[in-house]
């Protein structure tokens, strides 16, 4: 650092009123990197959501105080920035810290190589774009780890050893399941003859493309692969363990005839899409049925507080949204005050923000009852784990056509299962059975005259 520069501490900000700490998930800037004001320098993770920490000044990253995976309290120093007093910041960029240079020299000289085979998602993505074999690159990071700068330097030297076209060809390989018929009740039997590729069913929150392989950091041995537990995966594991260990789970299920709902949605979905610009999914109708049932049985909207049961007045629905490597639960606030079209809009917005990694902390807070749409993956039966500390979680399974008996006659109807996991400290079989029956009645009460606005 030159005489015209000074070190400025960057501390962990308070991302929310109740937040007291956060975990450094990934550093986006390294010592020696030039940083502009408001440019993200790292990703942090709380038990609710990921967020980016922006730089408060223009300068050069001088020192990383907190390590990736470390939990840092609000107000603690996470790094130091070299801020120019009179000389341009680029001068500091050209003179990285001595410790950084020393560690780079040690790695290049064949020192500690314990991290040599661990690649960050950014490095893997960059290597795939340029068709590079990472085994051919000498890492200058800690423990011989390959950094983005190492990959970019390798590219500048013309060191690509594979054809990028090969990677793109692999990415464009069609799914072996593409074009196969499935039990979509919205498709008539005539459309299956001959068998033609049919569009993927959009019944709510689901992955609209073939699942991607999540970018993971792994160390490969001769007979096994070691995968680093990310802060997000660790938070999910902690919450699930707490839910299972503290909440006595019980489980029940009912079968629902959704034939009228299928006809109603088929009648409205095209016009709704043209008018609103987003899909009218089955999940919006399901949520409305659940919310109306909770109004009749408010004990479902409660939490356990040792010597009291707290019933929440606001009905805030948590949606279980799956990404390639995690499950998030963004919240529809005051869902009881929204119509079916409003719920459809909330579903679209929250699902999009989740998969783009744009959820904010406030998007994850305040949930009182969780709904999951496992049927979008073809599931017909599931046993969900309660979203702690809520009292229950409900899943909607796949809609399939089945032969059922009506008035002693066999008919083909669109049927679906609804599965409920409950906290047996708060809820018992009678109340949950009545609640599920009310949800069933609400769903089966949909007709072609039902309004979505």
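Taking R0 as 60 Å, what's the FRET efficiency between residue 295 and residue 37 from their Cβ-Cβ distance, rounded to 0.05?
In this case the efficiency is close to 0.80.
Each principal axis of the Cα cloud of segment 397-453 was evaluated for its coordinate range; sorted largest first, these ranges are 41, 34, 22 Å. Projecting the alpha carbon convex hull of segment 285-410 along each direction and taking the average yields 10.1 nm². A full extension of the chain between residue 425 and residue 311 corresponds to an added length of 39.7 nm, given 0.36 nm per residue minus the alpha carbon distance.
Tell me whether segment 232-444 comes out rounded, prolate or oblate; compute the Cα gyration tensor, take square roots of the eigenvalues as a ≥ b ≥ c, and use a/c under 1.5 as the rounded threshold.
Verdict is oblate for segment 232-444.
Peptides 339-348, 68-77 ranked from most to least packed by the mean count of surrounding Cβ atoms within 10 Å: 339-348, 68-77. Spacing of the modelled spin labels on residue 434 and residue 380, each 7 Å from Cα toward Cβ, amounts to 3.2 nm.
Peptide packing: for 306-314, 131-139, the average count of neighbouring Cβ atoms within 10 Å per residue gives the ranking 131-139, 306-314, highest mean first. For segment 289-392, relative contact order (Cα pairs under 8 Å, six or more residues apart, normalised by length) works out to 31 percent. Separation of segment 372-444 from segment 266-305 is 14 Å, based on Cα centroids. Highest mean first, the peptides 389-402, 264-277 sorted by other C-beta atoms within 10 Å per residue fall in the order 389-402, 264-277.
Quick note: the coordinates plus some simple rules give every number you see, no bench work behind them. Nothing here was measured: the structure is a model prediction, and the numbers come from that model. Note: ideal-geometry Cβ built from the backbone for every residue, glycine included; neighbour counts use all protein chains shown.
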